[in-house]
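*Asks:* One structure, pasted below without further comment.
The values are calculated or read from the model by the stated rules, or taken from the named source; none is laboratory data. Please read these numbers as outputs of a predicted model, since none were measured by experiment. Neighbour counts run over all protein chains shown; Cβ positions are idealised from the backbone, glycine included.
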Amino acid sequence: MTERAKRAATREAGAGLLSGTTTDCSAYAAGSLLSVEHLSVADVAGILAMTARLERMGAAERARVLVGRTVALLFYESSTRTRTSFELAAKSLGATTTLVSDKSSSIEKGESLKDTGLTLRALGAEAIILRHPSSGAASLLARVTGLPVLNAGDGMHQHPSQALLDLRTILLRLGRNASTVDAKTLDGVTVAITGDILHSRVARSDAMLLPRLGARVVLCGPPELLPEGALGLGTGIEIERDFDRALARADVVMMLRIQKERLAGFDLDLAEFIERYQLNAERLAAIASRVLVMHPGPIIRGLEITGEVADGAQSAIEEQVSQGLAIRRAVLVRALGVKA
Amino acid sequence: MSEMLILNGRLVDPASGTDAPRDVLVRDGRIAAIEVPGGLASVANSLPVEDQIDATGMVVAPGLIDIHVHLREPGQTHKETIATGTAAAAAGGFTTVVAMPNTIPVNDSVKSLRWMLDAARGPVVKLLAMPAATFGSLGSEITDFHELVKAGAVGFTDDGKPVLEDEVMRAALVAAAGLGVPVSQHAEDTRLTSGCCMNAGRVAFRLGLRGMPEEAEARIVERDLRLLREIERVERVRPHLHVQHVSTARALHEIRRAKAAGLHVTCEAAPHHFTLTDEEIGDYDTNAKMNPPLRAEADRHALIEGLLDGTVDCIATDHAPHASHEKEVEFERAANGITGLETALGLALRVLHREHGMPLSRVIALMSAHPASVIRLKERGTLRVGSYADVVVFDPAAEWSFAAGASRSKSRNTPFDGAAMVGRVRATICEGRIVYRASS
């Protein structure tokens, strides 16, 4: 129990009655996917099972699952993988989709997130997929619309469908059963997440999900991109500043792009970063010839990872993208409360 | 001649060291007599019943004084007006409030100060003001301290932002020292807090929000204390620095050391900072967003310790009303601040008196005599005979839940909706007039 949850419990039992708790998601419509924190291990297992079921279906059968249903994609930030895979996932299930982006809508005229959400709801959207540069935007949208909201990345906070697709990729590539999980599924598996942890919603999502399934997460990066506060993400997480040491222990290495758009004036010595943290063929051959290489994209070839490693035999980067489509079908079905 | 009697109450007046059953006679806006119960029976017999308050079981204390409120008038009257903000003050037991200058336009001239303090604004309680320390609160050129003090200024501040430049702050401290008023500093090195919207640390990391480091507060406090020392040595005057809403253990530590070294520094703490931590933000609750932000548990404890040992001079609310549409937005875009006038006494009594054993008279002192002394306010903050009849009558044992919907403020932005309070105001009297009376 977190301190906050403890205080909440104490307050409810006794004097105080302050609002909310960290894990309280009762304020959100069932089927919302805002943060991996809100998912129980059973929820994760359910999503994996649904993913497998949808994958086994024929295309024609799959195209009937969400027929007549409407989902809106609301994108305040650019995206290739996430937007396309959500859209293709929804369409492959027969749903009607509409895309609203900040560049071509009344958002440019100053319409608030709340009003944009209420407008989409009034137009018949039954769920909203949101990408937004502000942490917490998905929670806000879910609260004010009462609709199931799928968080497709909110600021530096969370990208829960990415964590789920990373999980499925890991399970498949390690030869495990990808249809279910429990608290021990990833016992003995060490995942090294490396690079710009501070600005990464993927790092937060993976680091908060994988340890709950038994994995050990090693965060690796310089203090400017990996503050000690990262340990507050939960248990089963440690910080290792030396990439070679982290790599030597890892079964999986997740490389992250340096998010220049979020550096906020901070000047990073890229040459030094490359020297210390780039995943290149020499490092891989010398230290981790069997490690599974992952990256949520976009990749900056030659910076955090070299082209030959990204394209190499140990890389699961393209598979991650494919699993994105599979996982996003399942979370859409879950959001709309359909039994498939 | 108008008279009022407050009978059978427990009079707690820290300034005169009184804590005993007393009857109080108010005449023409002043405290006219204080007697043991029954001592004013002859007056009682001749005074109509409606002019007598039965304070049996109640505490009768000096009206509370809040030296840090935002009343939003002129310029942002959709959030609050002087009339609604002071009505909230009266409901919270306050009889004097000091308005901050970050109105639109900024209160930085004699003209704007006079407009604000004009009776036409309809203040329900005594309204004072701290005008801006610099023109437009832009931090470059100090305002006309001399003329502003003549027009009623009780101090100077650019609250909401710091006076960042060393030379400007030095000039402000020197000018204020000559006039016997404090410079109130919002201690935040904004060069370290760009884009930040909460406390730095584990919670900020988890939420993916940029955090303000404690250094941002400490650095300005340390700089200002250094200026105090230099000015005392070089200029041979003794400036008064008042540090607003101290929120970190580190800044408080510096203030404690400076006090021990004999510098004239005072500071205030806000109820939310000694009641809540950054965990309260939960799932991006913008009603837990203010500046300075809610800090870590260690900081909260340090504040309580500072309140207990006297390092913290007074409690001030930083009452900062905002409309719902200014809070119902993305966390990092949401306005800073929460309302505080109606929850201050209930939280102070709950947290400081009940949970941490602070004597009732000390809680009252922190909210009346001490803030009066910070701004050198005479004849208020005490119930001595001859003082203004600024009185709060409250039930010290009452336990209740605050309901934001019932607030007198125009705004509802508080994390304390439904929160437990100890001690409930029954009546507030300002200069002999009843300005608030509980309905039941």
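*Asks:* In the same structural domain as A:Ser79 (by TED's automatic domain parsing), in contact with a helix residue (DSSP H, G or I) (Cβ under 7 Å, 6 or more places away or on another chain) and of a type in the set (D, E, K, R), is that true of A:Arg143?
*Replies:* no
*Asks:* I would also like to ask the following. Mind checking which residues of the range B:60-119 are charged (D, E, K, R) and farther than 19 Å from B:Gly136 by Cβ?
*Replies:* B:Asp66, B:Lys79, B:Glu80, B:Asp118
*Asks:* While we're on this one: In the range B:202-237, which residues are in a loop (DSSP other than H, G, I, E, B) and over 18 Å from B:His253 (Cβ atoms)?
*Replies:* B:Gly208, B:Leu209, B:Arg210, B:Arg236, B:Val237
*Asks:* Right, next: Can you list the strands (runs of 3 or more DSSP E) lying wholly within the range B:1-48 that have 1 or more residues being surrounded by fewer than 22 Cβ atoms within 10 Å (Cβ to Cβ) and among the hydroxyl-bearing types (Ser, Thr, Tyr)?
*Replies:* Of the strands (runs of 3 or more DSSP E) lying wholly inside the range B:1-48, those with at least 1 residues that are surrounded by fewer than 22 Cβ atoms within 10 Å (Cβ to Cβ) and among the hydroxyl-bearing types (Ser, Thr, Tyr) span B:18-27.
*Asks:* Residue check: is B:Glu230 among the acidic types (Asp, Glu), under 24 Å from B:Arg376 (Cβ atoms), buried (at least 21 other Cβ atoms within 10 Å of the Cβ) and out of contact with any helix residue (DSSP H, G or I) (no Cβ under 7 Å at 6 or more places or on another chain)?
*Replies:* no
*Asks:* Could you tell me which of the residues B:Thr428, B:Thr414, B:Thr382 is within 14 Å of B:Ala91 (Cα to Cα), among the hydroxyl-bearing types (Ser, Thr, Tyr) and within 18 Å of the chain's Cα centre (by Cα)?
*Replies:* Checking each option against the conditions leaves just B:Thr428.
*Asks:* Across the range B:319-341, which residue is nearest to B:Leu276 (Cα to Cα) among those that are of a type in the set (Val, Ile, Thr) and either buried (at least 24 other Cβ atoms within 10 Å of the Cβ) or modelled with pLDDT under 95 (or both)?
*Replies:* Among those residues, the one meeting the criterion is B:Ile338.
*Asks:* I'm trying to understand the selection: among the residues of the range A:105-140, which are without any contact (Cβ under 8 Å) to a residue 60 or more places away in the chain, in a loop (DSSP other than H, G, I, E, B) and more than 11 Å from chain B (Cβ to nearest Cβ)?
*Replies:* A:Ser105, A:Gly110, A:Glu111, A:Leu123, A:Gly124, A:Ala125
*Asks:* What strands (runs of 3 or more DSSP E) lie completely within the range A:232-340 and have 1 or more residues being more than 26 Å from B:Val203 (Cα to Cα) and modelled with pLDDT of 95 or more?
*Replies:* Because the criterion is at least 1 residues that are more than 26 Å from B:Val203 (Cα to Cα) and modelled with pLDDT of 95 or more, the strands (runs of 3 or more DSSP E) in the range A:232-340 that meet it are A:252-255, A:292-294.
*Asks:* Can you tell me which residue within the range B:182-199, out of those that are crowded, with 22+ Cβ neighbours inside 10 Å and in contact with a helix residue (DSSP H, G or I) (Cβ under 7 Å, 6 or more places away or on another chain), is farthest from the other protein chains (Cβ to nearest Cβ)?
*Replies:* B:Pro182
*Asks:* Consider the range B:54-92. How many of its residues are crowded, with 21+ Cβ neighbours inside 10 Å and either assigned to a strand (DSSP E or B) or modelled with pLDDT under 95 (or both)?
*Replies:* Of the residues in the range B:54-92, 10 are crowded, with 21+ Cβ neighbours inside 10 Å and either assigned to a strand (DSSP E or B) or modelled with pLDDT under 95 (or both).
*Asks:* Something else: Can you list residue pairs whose Cβ atoms sit under 8 Å apart, with the first residue in the range A:260-275 being within 14 Å of chain B (Cβ to nearest Cβ) and the second being modelled with pLDDT of 80 or more and assigned to a loop (DSSP other than H, G, I, E, B)? Count only pairs 6 or more apart in sequence or on different chains.
*Replies:* As it stands, the answer is A:Arg262/A:Met156; A:Arg262/A:His199; A:Leu263/A:His199; A:Ala264/B:Ser194; A:Ala264/B:Gly195; A:Ala264/B:Arg210; A:Gly265/B:Ser194; A:Phe266/A:Glu224, since those pairs meet every condition given.
*Asks:* Output the residue which, of all residues in the range A:184-219 that are outside any loop (DSSP other than H, G, I, E, B) and of a type in the set (D, E, K, R), is farthest from the other protein chains (Cβ to nearest Cβ).
*Replies:* A:Arg216
*Asks:* Residues B:Thr382, B:Thr414: which one is in a loop (DSSP other than H, G, I, E, B), within 14 Å of chain A (Cβ to nearest Cβ) and β-branched (Val, Ile, Thr)?
*Replies:* B:Thr414
*Asks:* Let me ask another. For the range A:220-233, name all the residues that are in contact with an Asp or Glu (Cβ under 9 Å, 6 or more places away or on another chain), surrounded by 17 or more Cβ atoms within 10 Å (Cβ to Cβ) and within 14 Å of another protein chain (Cβ to nearest Cβ).
*Replies:* Matches in the range A:220-233: A:Gly221, A:Leu225, A:Leu226.
*Asks:* Right, another one. If only one of B:Val422, B:Val363 is among the aliphatic types (A, V, I, L, M), in contact with a Leu (Cβ under 7 Å, 6 or more places away or on another chain) and outside any helix (DSSP H, G or I), which one is it?
*Replies:* Going through B:Val422, B:Val363 in turn, just one is among the aliphatic types (A, V, I, L, M), in contact with a Leu (Cβ under 7 Å, 6 or more places away or on another chain) and outside any helix (DSSP H, G or I): B:Val422.
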